[in-house]
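Novice: I'd like to ask you about the structure that follows.
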């Protein structure tokens with residue numbers, strides 16, 4: 001998943017697109033290493049925001065990864081539980097990025 | 001098509017892929033002529049005791065460091081148990097224990113040298129069985145996912161005898177064995193072909209509720225949708241129909257905006273269905289409906305505000321005006 005996301009981010013650089021993570025790793029040192037090794041450049045929330053509160057629980061996430069695709073108006077357009085197929089993911093993302101740059105709402 | 005391994009993090013945390021360990025199996029397995037059935041039961045219970053001791057220690061660990069230490073020192077190593085099972089099988093080739101012991105090795109110690117020996121032995125034995133009833137009897141009770149490698153030969157036997165009453169149950173077994181095919185194109189294709197065949201030949205069977213559950217989580221939603229619609233229309237069993245309706249709703253709710261009303265209606269039909277209330281399906285459907293109202297397709301994404309991995313505060317709405325792919329992820 002990460003290599004594909006990296007290429008998606010690179011491909012859409014300068015376009016109206018952002019990949020935002022919610023990361024659930026618990027070992028900060030190991031995470032730092034892994035982020036560097038895997039060249040993860042996009043921003044992530046820490047899933048664990050306080051002792052008893054995680055974003056994943058707030059969002060009722062039932063499996064990892066879970067992905068939401070949100071359009072430029074902030075509307076949820078697509079959801080995947082588990083990794084989507086690369087070609088489907090690209091297609092859906094690019095459709096919305098295209099619509100965003102044309103100023104359409106759909 | 002295949003399922004994704006949901007809850008992977010949990011598996012890793014529990015150390016299901018054993019690499020190192022400190023607990024040694026009882027080496028004193030005397031090769032005296034004990035009852036092989038009892039001997040196998042002994043090995044299995046010793047293994048499960050070791051597993052329980054490990055998971056207790058893991059749960060009691062308080063810090064990440066302690067947990068890492070437990071993973072390192074206390075994770076049971078399946079090798080010795082697998083060797084004992086293999087020996088037991090080899091000593092009892094004509095006992096029913098033979099297959100059970102080999103299957104245990106594959107299910108619990110798939111990466112050990114013993115498994116490499118056990119797999120061809122098990123396949124050879126399965127290949128020699130011509131009677132589908134006998135084949136089914138052996139396969140029942142064995143963990144299907146551990147026997148993925150044997151699935152193609154079982155599929156072949158069933159496909160050659162589709163009129164045999166045992167053919168359909170065996171095909172369903174093949175589907176369950178290849179369900180978690182990971183990245184294997186061969187097993188992925190076998191899973192798809194077998195499901196296509198079941199849906200083509202046996203769509204009216206009353207034991208397809210499980211298949212509907214699998215389709216609900218398939219990574220090819222368009223293919224799953226096609227089969228779930230057909231299952232709901234053609235299958236006479238209320239139980240299967242309900243599972244198919246739930247599965248179809250689960251696929252449609254993630255599809256697109258125009259599919260939302262149909263997904264809602266289907267979840268409502270599951271809640272209303274008399275038989276669903278017996279299982280947890282109605283309860284799950286209620287939760288799905290609630291979820292759709294808040295985070296369904298077509299709804300505004302709820303705000304997230306929190307800290308990034310460097311501890312800097314930010315908000316999801318900072319990115320309004322851009323298309324956002326929000327990914328719940330981890331390296332684990």
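Any read-out appearing in this document is the output of simple, stated calculations on the displayed coordinates, not a laboratory observation. Being a predicted model, the structure only gives us computed values, none of them experimental. Cβ coordinates were reconstructed from backbone atoms using ideal geometry, including for glycine residues, and neighbour counts include every protein chain displayed.
Novice: To the nearest Å, what is the center-to-center distance of segment B:174-252 and segment A:1-40, using C-alpha atoms only?
Specialist: First find each Cα centre; the distance between them is then 34 Å.
Novice: Here is a further query. Scattering from the C-alpha atoms of segment B:204-313 alone, worked out with Debye: what is log10 I(q)/I(0) at q = 0.14, 0.20 1/Å?
Specialist: Debye intensities relative to I(0), on a log10 scale: -0.56, -0.97.
Novice: Please average, across the residues of B:297-304, the number of beta carbons from any other chain that are within 10 Å of each residue's own beta carbon, and give a whole number. Kindly include the intermediate steps, with their values, before the conclusion.
Specialist: Values: counts 7, 3, 3, 5, 10, 4, 1, 7.
Rounded to a whole number, the mean comes out at 5.
Novice: Now for a separate question. Considering every residue in A:77-86, what mean count of other chain Cβ atoms within 10 Å of its Cβ is obtained?
Specialist: Working: counts 6, 6, 8, 6, 8, 9, 5, 4, 4, 0.
So the per-residue partner count for this stretch is 6.
Novice: How do B:189-201, B:56-68, B:77-89, A:82-94 rank on mean C-beta neighbours within 10 Å, highest first?
Specialist: Numbers: B:189-201: 18.4, B:56-68: 12.8, B:77-89: 23.0, A:82-94: 16.6.
Averaged packing, sorted descending, gives the order B:77-89, B:189-201, A:82-94, B:56-68.
Novice: Across peptide A:40-47, how many C-beta atoms of other chains are within 10 Å of each residue C-beta, on average? Don't skip to the end; give the middle numbers.
Specialist: Details: counts 3, 0, 2, 7, 9, 12, 6, 4.
So the per-residue partner count for this stretch is 5.
Novice: Sticking with this structure for a sec: So what's the convex hull volume per residue for the Cα atoms of the protein assembly as shown, in Å³?
Specialist: Values: hull volume 70.4 nm³, N = 438.
Spread over its residues, the Cα hull of the protein assembly as shown gives 161 Å³ apiece.
Novice: In chain B, if every C-alpha pair distance is counted and binned at 10 Å from zero, what percent goes to each bin?
Specialist: 5, 19, 24, 25, 19, 7, 1, 0
Novice: If you count, for each residue, the other Cβ atoms within 10 Å and average over each peptide, how do B:222-232, A:5-15, B:257-267 line up from highest to lowest? Kindly include the intermediate steps, with their values, before the conclusion.
Specialist: Details: B:222-232: 19.2, A:5-15: 14.3, B:257-267: 17.5.
Ranking the peptides B:222-232, A:5-15, B:257-267 by packing returns B:222-232, B:257-267, A:5-15.
Novice: Can you tell me the Rg and the Dmax, both Å, for the Cα atoms in segment A:43-83?
Specialist: Rg, Dmax (Cα atoms, Å): 11.6, 32.
Novice: Could you order the peptides B:305-314, B:114-123, B:210-219 from most to least packed, using the average number of other C-beta atoms within 10 Å per residue?
Specialist: On the way: B:305-314: 13.0, B:114-123: 18.7, B:210-219: 21.2.
My ranking of the peptides, most packed first, is B:210-219, B:114-123, B:305-314.
Novice: Further question: For chain B, what's the relative contact order in percent, using C-alpha pairs closer than 8 Å and at least 6 residues apart? Mind dumping the intermediate values first?
Specialist: Numbers: 396 pairs, mean separation 41.1, N = 332.
About 12 percent, as a whole number.
Novice: Another question, if that's okay. Could you quote the convex hull projected area for chain A, Cα atoms only and averaged over all directions, in nm²? Working shown, then result.
Specialist: On the way: hull surface 29.1 nm².
The Cα convex hull of chain A, projected and averaged over all directions, gives 7.3 nm².
Novice: By the gyration tensor of its Cα atoms, with a ≥ b ≥ c the square roots of the eigenvalues, what is the shape of segment B:187-237: rounded for a/c under 1.5, prolate for a/b over b/c, or oblate?
Specialist: Values: a/c = 1.79, a/b = 1.38, b/c = 1.30.
Prolate, since a/c reaches 1.5 and a/b exceeds b/c.
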